[in-house]
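Participant: Here it is: the structure, laid out below.
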Amino acid sequence: MWVLSCAAASAYPTHILSMKTSSSSSRASVSVRSSTVPFHPFVPEVSEAVDSLYSEFRAVDNIVACNTSRVLRAFQNAKVGSHHFAGCTGYGHDEAGGREALDGAFAEIVGAESAIVRAQFFSGTHAITCALFAFLRPGDELLAVAGAPYDTLEEVIGIRDSHGLGSLKDFGVSYREVLLADDGGLDWDALSIALKPQTKCALIQRSCGYSWRKSLSVNEIKRAIKIIKTQNPNCLVMVDNCYGEFAEAMEPPMVGADLIAGSLIKNPGGTIAPCGGYVAGKEKWVNAAAARLSAPGLGIDCGSTPGDIMRSFFQGLFLAPQMVGEAIKGSFLIAEVMASKGYKVQPLPRVPRHDTVQAVQLGSQDRLLAFCEAVQRNCPVGSFIKPVAGSSPGYASEVIFADGTFIDGSTSELSCDGPLREPFIVFCQGGTHWTQWGLVLGEVLQSI
């Protein structure tokens, strides 16, 4: 496989331009002269960080190759063809088999019995909600085992008042959470005695969300599932898989998760899926989640998918391992550069990644705003826009977003955001190539 070498300055192209005028023509032409001063795209801090990350980048490339191989094999087994890219209208009954092929390929890729991948999921929160309502009934308890869930799930669960709009709490489902250990990881001792007779579902959030904590590896999720199932084999395990897909060579269903859910405008959409989400896992519970998305009795064989969305889903899924790899390389670079300037980072520099999120603790609102503004100025879309913090649906605090992306809200392209609350952490995600973060960081350093 090809591996990008970052060990020497010669690995970067030097664009050297000089002007000469032909004696027979007044037109100027551009020539390349090695004697002139080379153009370096990165500031020195970024160049030094890149030169030190060769081993980490190569390890990421190996994971990309492993995951791409698994995706390719699944596409081959599903016999994906161009006829699967056709859209459908109305009830979607005349769909050309693309839904079945995509669901089958996705299930095989993540090691699940079944999957439903649909444009009708309009966010990861929506997909996760369908999964939770598939499991839980009045009198049941939901147990979050990795501390507080992501902000947008608080009204779904009933931690914040949903004003009678139909949270789990409104339907008589109770909630508890296991606090994180002092080191920011799972509290294994507390988890080993956490389940009660009414605990029907254990929720594991793979990524850090808006918390200053470690994201969970698949092996840690495996250990947590074993502890949960030892206490009660009938307790169902739901993994919020957002930002974790393809970060490792395994996925949670391979280690016993009953359901996983996430968004297609994050990792598995490969930066080109225009919308959608997924639920995957045990077939019985995927069908129950599908009934929550649609209605009992309708199943998964309905719903229109107009235009070329199916092609984007297939192509995005195929590209996803590569795009996730680039985002992870970007996270290594962010951590290396910002830590060298004295900022606290999570994950730490050169630590193996389990998701695509890199958090940086900036310590002040002014620096948080300046960081996001610098990122926005270096986005391909909306670079002229100044991001302003404000309230967003589902979030408890005011949040600032920098996401000049081709797909609205596509954090897998390149984005950062953060809630306006202490200790003013910016959460960075995505990037179609690590060099994009290399360019952005130069202006970030000037701005903060």
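The values are calculated or read from the model by the stated rules, or taken from the named source; none is laboratory data. The model shown is predicted, which means the values in this text are computed figures rather than measured ones. As a convention, Cβ positions derive from the backbone with ideal geometry for all residues, glycine included, and neighbour counts pool all protein chains shown.
Participant: Of the residues that make up segment 178-197, is at least one within 15 Å of the chain's Cα centre (by Cα) and not in a helix (DSSP H, G or I)?
Facilitator: Scanning segment 178-197, I find no residue that is within 15 Å of the chain's Cα centre (by Cα) and not in a helix (DSSP H, G or I), so the answer is no.
Participant: Quick one: residue 200 ticks every box in (1) closer than 18 Å to residue 431 by Cα; (2) assigned to a strand (DSSP E or B); (3) of a type in the set (D, E, K, R) except a single one, so which number is it?
Facilitator: Single failed check for residue 200: (1).
Participant: Any residue in segment 188-212 that is farther than 14 Å from residue 355 by Cβ sitting within a Cβ distance under 6 Å of a residue that is among the aliphatic types (A, V, I, L, M) and part of a helix (DSSP H, G or I)? List the pairs, counting only those 6 or more apart or interchain.
Facilitator: As it stands, the answer is 191/227; 192/227; 202/228, since those pairs meet every condition given.
Participant: Whether any residue in segment 236-248 is outside any helix (DSSP H, G or I), farther than 24 Å from residue 121 by Cα and assigned by TED's automatic domain parsing to the domain that holds residue 119 is what I want to check.
Facilitator: Keep residues of segment 236-248 that are outside any helix (DSSP H, G or I), which gives 236-248.
Next, only the ones that are farther than 24 Å from residue 121 by Cα stay: 248.
Then drop every residue that is not assigned by TED's automatic domain parsing to the domain that holds residue 119, which leaves 248.
Yes, some residue in segment 236-248 is outside any helix (DSSP H, G or I), farther than 24 Å from residue 121 by Cα and assigned by TED's automatic domain parsing to the domain that holds residue 119.
Participant: Can you say whether residue 74 is in a helix (DSSP H, G or I), closer than 26 Å to residue 169 by Cα and modelled with pLDDT of 95 or more, as far as the supplied structure shows? Outline the logic, then answer.
Facilitator: Details: in a helix (DSSP H, G or I): yes; closer than 26 Å to residue 169 by Cα: no; modelled with pLDDT of 95 or more: yes.
It is false that residue 74 is in a helix (DSSP H, G or I), closer than 26 Å to residue 169 by Cα and modelled with pLDDT of 95 or more.
Participant: A further question follows. Could you tell me whether segment 163-172 includes any residue that is among the hydrophobic types (A, V, I, L, M, F, W, C), surrounded by 18 or more Cβ atoms within 10 Å (Cβ to Cβ), touching a Ser or Thr at 6+ places or on another chain (Cβ under 8 Å) and closer than 20 Å to residue 239 by Cβ? It would help to see each step written out before you state the result.
Facilitator: Here is the first cut: in segment 163-172, the residues among the hydrophobic types (A, V, I, L, M, F, W, C) are 165, 168, 171.
Then keep just the ones that are surrounded by 18 or more Cβ atoms within 10 Å (Cβ to Cβ); that gives 168.
Now drop any that are not touching a Ser or Thr at 6+ places or on another chain (Cβ under 8 Å), which leaves none.
Taking every residue of segment 163-172 in turn, none turns out to be among the hydrophobic types (A, V, I, L, M, F, W, C), surrounded by 18 or more Cβ atoms within 10 Å (Cβ to Cβ), touching a Ser or Thr at 6+ places or on another chain (Cβ under 8 Å) and closer than 20 Å to residue 239 by Cβ.
Participant: For segment 328-371: of the residues being of a type in the set (Phe, Trp, Tyr) and crowded, with 23+ Cβ neighbours inside 10 Å, which is farthest from residue 423 (Cα to Cα)?
Facilitator: First, the residues of segment 328-371 that are of a type in the set (Phe, Trp, Tyr): 332, 343, 371.
If we keep only those that are crowded, with 23+ Cβ neighbours inside 10 Å too, we end up with 332, 371.
Working: 332: 22, 371: 14 Å.
Top of the filtered list is 332.
Participant: Find the residue count for segment 294-324, including only residues that are touching a strand residue (DSSP E or B) at 6+ places or on another chain (Cβ under 7 Å) and in a helix (DSSP H, G or I).
Facilitator: Number satisfying all stated conditions: 1.
Participant: Being outside the structural domain of residue 56 (by TED's automatic domain parsing), in contact (Cβ under 8 Å) with a residue 12 or more places away in the chain and assigned to a helix (DSSP H, G or I) narrows it down to one residue among 280, 327, 289; which is it? Before you say what the answer is, go through the steps one by one.
Facilitator: Values: 280 fails: assigned to a helix (DSSP H, G or I); 327 fails: outside the structural domain of residue 56 (by TED's automatic domain parsing).
Going through 280, 327, 289 in turn, just one is outside the structural domain of residue 56 (by TED's automatic domain parsing), in contact (Cβ under 8 Å) with a residue 12 or more places away in the chain and assigned to a helix (DSSP H, G or I): 289.
Participant: Tell me the helices (runs of 4 or more DSSP H) entirely within segment 97-174 that contain at least 2 residues that are at pLDDT 95 or above and in contact with a helix residue (DSSP H, G or I) (Cβ under 7 Å, 6 or more places away or on another chain). Don't jump to the end; show me each part of the working.
Facilitator: Values: elements: 98-110, 124-135, 154-157.
By residue number, 98-110, 124-135.
Participant: Let me ask something additional. Tally time: how many residues in segment 371-419 are in contact with a strand residue (DSSP E or B) (Cβ under 7 Å, 6 or more places away or on another chain), assigned to a loop (DSSP other than H, G, I, E, B) and closer than 20 Å to residue 329 by Cβ?
Facilitator: 6
Participant: Condition (residue is under 22 Å from residue 57 (Cβ atoms), among the charged types (D, E, K, R) and touching a residue at least 24 places away in the same chain (Cβ under 8 Å)) applied to segment 410-425: is it met by at least one residue? Walk me through how you get there before you give the answer.
Facilitator: Step one: list which residues in segment 410-425 are under 22 Å from residue 57 (Cβ atoms), which gives 411-416.
Narrowing the set further to residues that are among the charged types (D, E, K, R) leaves 413.
Okay, now just the ones that are also touching a residue at least 24 places away in the same chain (Cβ under 8 Å), so 413.
Yes; the residues of segment 410-425 include at least one that is under 22 Å from residue 57 (Cβ atoms), among the charged types (D, E, K, R) and touching a residue at least 24 places away in the same chain (Cβ under 8 Å).
Participant: So, residue 130, is that one touching a Leu at 6+ places or on another chain (Cβ under 6 Å), in contact (Cβ under 8 Å) with a residue 60 or more places away in the chain and not acidic (Asp, Glu) or not?
Facilitator: Working: touching a Leu at 6+ places or on another chain (Cβ under 6 Å): yes; in contact (Cβ under 8 Å) with a residue 60 or more places away in the chain: yes; not acidic (Asp, Glu): yes.
It is true that residue 130 is touching a Leu at 6+ places or on another chain (Cβ under 6 Å), in contact (Cβ under 8 Å) with a residue 60 or more places away in the chain and not acidic (Asp, Glu).
Participant: (1) within 18 Å of residue 224 (Cβ to Cβ); (2) crowded, with 16+ Cβ neighbours inside 10 Å: which one isn't true of residue 190, the others all being true?
Facilitator: (2)
Participant: Of a type in the set (D, E, K, R), in contact with a Ser or Thr (Cβ under 8 Å, 6 or more places away or on another chain) and closer than 30 Å to residue 417 by Cβ - does that describe any residue in segment 216-231? Step through it out loud before you land on a result.
Facilitator: The initial filter retains those residues of segment 216-231 that are of a type in the set (D, E, K, R), namely 220, 222-223, 226, 229.
Those left that are additionally in contact with a Ser or Thr (Cβ under 8 Å, 6 or more places away or on another chain): none.
Checked against the condition, which is being of a type in the set (D, E, K, R), in contact with a Ser or Thr (Cβ under 8 Å, 6 or more places away or on another chain) and closer than 30 Å to residue 417 by Cβ, segment 216-231 yields no hits at all.
Participant: Report whether or not residue 374 is buried (at least 16 other Cβ atoms within 10 Å of the Cβ), more than 17 Å from the chain's Cα centre (by Cα) and at pLDDT 95 or above.
Facilitator: yes
Participant: Can you tell me which residues in segment 234-269 are of a type in the set (Asp, Glu) and closer than 17 Å to residue 354 by Cβ?
Facilitator: Quick first cut of segment 234-269, residues of a type in the set (Asp, Glu) only: 240, 245, 248, 251, 258.
Those that are of a type in the set (Asp, Glu) and closer than 17 Å to residue 354 by Cβ: 240, 245, 248, 251.
Participant: Do we have residue 259 as in contact (Cβ under 8 Å) with a residue 12 or more places away in the chain, touching a Pro at 6+ places or on another chain (Cβ under 9 Å), among the hydrophobic types (A, V, I, L, M, F, W, C) and not assigned by TED's automatic domain parsing to the domain that holds residue 441 here?
Facilitator: Numbers: in contact (Cβ under 8 Å) with a residue 12 or more places away in the chain: yes; touching a Pro at 6+ places or on another chain (Cβ under 9 Å): yes; among the hydrophobic types (A, V, I, L, M, F, W, C): yes; not assigned by TED's automatic domain parsing to the domain that holds residue 441: yes.
Spelling it out, residue 259 is indeed in contact (Cβ under 8 Å) with a residue 12 or more places away in the chain, touching a Pro at 6+ places or on another chain (Cβ under 9 Å), among the hydrophobic types (A, V, I, L, M, F, W, C) and not assigned by TED's automatic domain parsing to the domain that holds residue 441.
Participant: Where residues in segment 240-256 are among the small types (Gly, Ala, Ser) and either without any contact (Cβ under 8 Å) to a residue 60 or more places away in the chain or surrounded by fewer than 24 Cβ atoms within 10 Å (Cβ to Cβ) (or both), which of them is farthest from residue 327 (Cα to Cα)? Steps first, please.
Facilitator: The initial filter retains those residues of segment 240-256 that are among the small types (Gly, Ala, Ser), namely 244, 247, 249, 256.
Narrowing the set further to residues that are either without any contact (Cβ under 8 Å) to a residue 60 or more places away in the chain or surrounded by fewer than 24 Cβ atoms within 10 Å (Cβ to Cβ) (or both) leaves 249, 256.
Values: 249: 16, 256: 27 Å.
Per the criteria, the residue is 256.
Participant: Could you please let me know if residue 43 is under 30 Å from residue 249 (Cα atoms), at pLDDT 95 or above and of a type in the set (A, V, I, L, M)? I'd like the intermediate steps shown before the answer.
Facilitator: On the way: under 30 Å from residue 249 (Cα atoms): no; at pLDDT 95 or above: yes; of a type in the set (A, V, I, L, M): yes.
No.
Participant: Identify the single condition in (1) in contact with a Phe, Trp or Tyr (Cβ under 6 Å, 6 or more places away or on another chain); (2) closer than 30 Å to residue 336 by Cβ that residue 60 does not satisfy, given that it satisfies every other one.
Facilitator: (1)
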